[in-house]
Amino acid sequence: MDDSQIIFTMPKAELHAHLNGSLSQATIKKLMDLKTSHQCEDVFQLQTMFAKLNEDHNKTLDECFQVFKVIHQLTDSEQSIYIATVDVIKEFSEENVLYLELRTTPRAIDGSFETYVNAVIRAIDDCRKENVPILVKLLLSIDRSKGFDIAKQIVDLTISLGLTRSDVVVGLDVSGNMADSDITDYFPLLYKIKDAGLKLTVHTAEVRNDAEAEAILRLKPDRIGHGTFISPSLTGSLHLIHLLKETNIPVELCLTSNKVCKTVPTFKDHHWKVFFDHGIPFSICTDDKGVFSTSLSQEYLIVKHTFNLPLSLIWSFSLKSLDYTFTAETEKAYLSKLWEEWGQNNK
Ligand code: 6MZ
């Protein structure tokens with residue numbers, strides 16, 4: 001077996017996957033057909049938009065946020081959200097992702113955020129009933145460009161589901177376009193999440209804003225996403241990396257996403273290397289496997305080939321990422337056994 005086949009079979013944990021960014025072409029086609037069957041008027045316009053998107057793979061971060069707006073038009077009903085979630089779970093499972101922390105930003109369906117989230121949870125429950133071999137947890141996301149009032153409703157919903165569906169809903173993610181907002185406006189809400197005993201991950205320093213990155217690190221979320229401009233290789237300063245090291249917050253690293261969005265120039269320049277050398281805990285993730293045409297296996301392969309690493313180290317990264325999951329210790333222990341079993345036979 002070559003590296004790509006071995007990494008494909010290796011058990012993996014995905015900790016940073018946005019539902020709507022993870023839709024494959026097959027799912028997009030299915031959802032487009034659903035619109036056609038419902039005789040939606042906007043379907044031709046959507047087809048043209050998707051054809052255009054597929055022509056251009058090199059998007060800036062701002063352009064990606066435009067792509068999400070288009071995709072959101074396809075997942076605008078209970079049925080489409082359910083289909084999207086089932087497909088994403090099954091596709092991750094097919095590449096031997098045994099643990100998936102999916103995140104999604106609830107949008108009002110018939111005026112209700114709950115309807116959206118219930119469709120996602122129903123899909124997760126049904127995959128479990130069908131014995132799809134993957135443990136799935138859910139983070140609700142707040143889109144920081146959408147303002148405090150919407151974020152508050154999502155935080156309240158997260159807290160309530162964290163009580164009634166603690167087997168699925170484990171915490172909150174803060175994402176969306178950094179350019180449009182001041183993160184500290186949301187801090188009272190983020191403290192509420194922490195006080196409720198739920199987990200918190202925050203997109204941090206995906207674009208450069210040192211003051212904001214410092215404020216987030218001092219808030220001490222359970223994980224951060226990207227952390228790109230914490231790297232001294234990009235900022236020329238050691239201040240933030242020292243703070244990250246001190247706080248020991250694990251970082252979700254998404255190599256293809258950062259390269260496509262041009263926040264890092266090449267894979268070789270990716271801050272994975274700097275973080276690894278500084279002993280920062282990290283997990284390799286996809287971010288938006290659909291939008292960036294990648295997979296978790298592909299992301300591990302990129303790390304292996306770019307930095308010329310042995311397979312045993314790649315496997316240890318995958319195993320270590322279990323420590324940073326937001327699931328219960330008993331489930332982590334169960335998953336570790338599966339990883340160890342594979343490791344004994346393969347690495
Ligand atoms: C920041 C991102 C993102 O929530 O509708 N999202 N936020 N940086 C990124 N890097 C590329 N990728 C995705 O999935 C899509 C939403 O996730 C966030 C954005 O808010 C986007 O609208 P959901 O399932």
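The values are calculated or read from the model by the stated rules, or taken from the named source; none is laboratory data. Predicted, not measured: the structure shown is a model, and the values here were computed from it. In this analysis, Cβ positions are derived from the backbone assuming ideal geometry, glycine residues included, and neighbour counts consider all displayed protein chains.
Points to keep in mind about this one:
- Count of the stretch 106-138 residues which are closer than 15 Å to Asp156 by Cβ and either within 14 Å of the ligand (Cβ to nearest atom) or free of Cβ contacts under 8 Å to residues at least 12 places away in the same chain (or both): 6
- Residue selection: Leu19 fails the criterion of being over 19 Å from Thr294 (Cα atoms), aliphatic (A, V, I, L, M) and at pLDDT 70 or above.
- Residues (of a type in the set (A, V, I, L, M, F, W, C) and within 21 Å of the chain's Cα centre (by Cα)) located in the stretch 139-156: Leu139, Leu140, Ile142, Ile150, Ala151, Ile154, Val155
- Filtered residue count, the stretch 304-325, keeping only those that are under 16 Å from Val97 (Cβ atoms) and more than 13 Å from the chain's Cα centre (by Cα): 9
- Taken over the stretch 291-345, the criterion of being touching a residue at least 40 places away in the same chain (Cβ under 8 Å), among the acidic types (Asp, Glu) and touching a helix residue (DSSP H, G or I) at 6+ places or on another chain (Cβ under 8 Å) is satisfied by Glu299, Asp323.
- Tabulated pairs, the stretch 236-263, first assigned to a loop (DSSP other than H, G, I, E, B), second among the acidic types (Asp, Glu) and within 16 Å of the ligand (Cβ to nearest atom), C-beta under 7 angstrom, 6+ apart or interchain: Cys254/Asp287; Thr263/Glu206
- Given (1) over 22 Å from Thr204 (Cα atoms); (2) in a helix (DSSP H, G or I), index of the condition Leu309 fails: (2)
- Residues of the stretch 157-204 satisfying the condition of being within 14 Å of the ligand (Cβ to nearest atom), more than 16 Å from the chain's Cα centre (by Cα) and of a type in the set (Val, Ile, Thr): Thr158, Ile183
- Considering the stretch 205-216, the residues that are outside any loop (DSSP other than H, G, I, E, B), among the hydrophobic types (A, V, I, L, M, F, W, C) and out of contact with any strand residue (DSSP E or B) (no Cβ under 7 Å at 6 or more places or on another chain) include one that is nearest to Phe282 (Cα to Cα), namely Ala215.
- Taken as a whole, the condition of being part of a helix (DSSP H, G or I) and modelled with pLDDT under 85 applies to Leu46.
- Whichever residue in the stretch 19-39 is hydroxyl-bearing (Ser, Thr, Tyr) and outside any loop (DSSP other than H, G, I, E, B) and, among such residues, is nearest to Ala84 (Cα to Cα): Thr27
- Residue match in the stretch 220-231 (condition: surrounded by fewer than 19 Cβ atoms within 10 Å (Cβ to Cβ) and of a type in the set (A, V, I, L, M)): no
- For the stretch 272-294, the criterion of being of a type in the set (Ser, Thr, Tyr), more than 16 Å from the ligand (Cβ to nearest atom) and modelled with pLDDT of 95 or more is met by no residue.
- Only one entry in Lys320, Lys273, Lys337 is out of contact with any Asp or Glu (no Cβ under 9 Å at 6 or more places or on another chain), more than 30 Å from Val168 (Cα to Cα) and not in a loop (DSSP other than H, G, I, E, B), namely Lys273.
- When Lys90 is tested against the conditions (1) in a helix (DSSP H, G or I); (2) within 16 Å of the ligand (Cβ to nearest atom); (3) modelled with pLDDT of 85 or more, the lone failure is (2).
- Residues in the stretch 175-204 that are within 17 Å of Lys137 (Cβ to Cβ) and not in a helix (DSSP H, G or I): Ser175, Ala196, Gly197, Leu198, Lys199, Leu200, Thr201.
- For the stretch 148-158, the condition holds for no residue, the condition being that it is buried (at least 19 other Cβ atoms within 10 Å of the Cβ), under 30 Å from Val274 (Cβ atoms) and touching a strand residue (DSSP E or B) at 6+ places or on another chain (Cβ under 8 Å).
- Filter result (in contact with a Phe, Trp or Tyr (Cβ under 7 Å, 6 or more places away or on another chain) and crowded, with 18+ Cβ neighbours inside 10 Å) within the stretch 108-137: Ile109, Ala119, Ala123, Ile134, Leu135, Lys137
- Selection count, the stretch 175-199, where residues are among the aliphatic types (A, V, I, L, M), out of contact with any helix residue (DSSP H, G or I) (no Cβ under 6 Å at 6 or more places or on another chain) and more than 13 Å from Leu219 (Cα to Cα): 2
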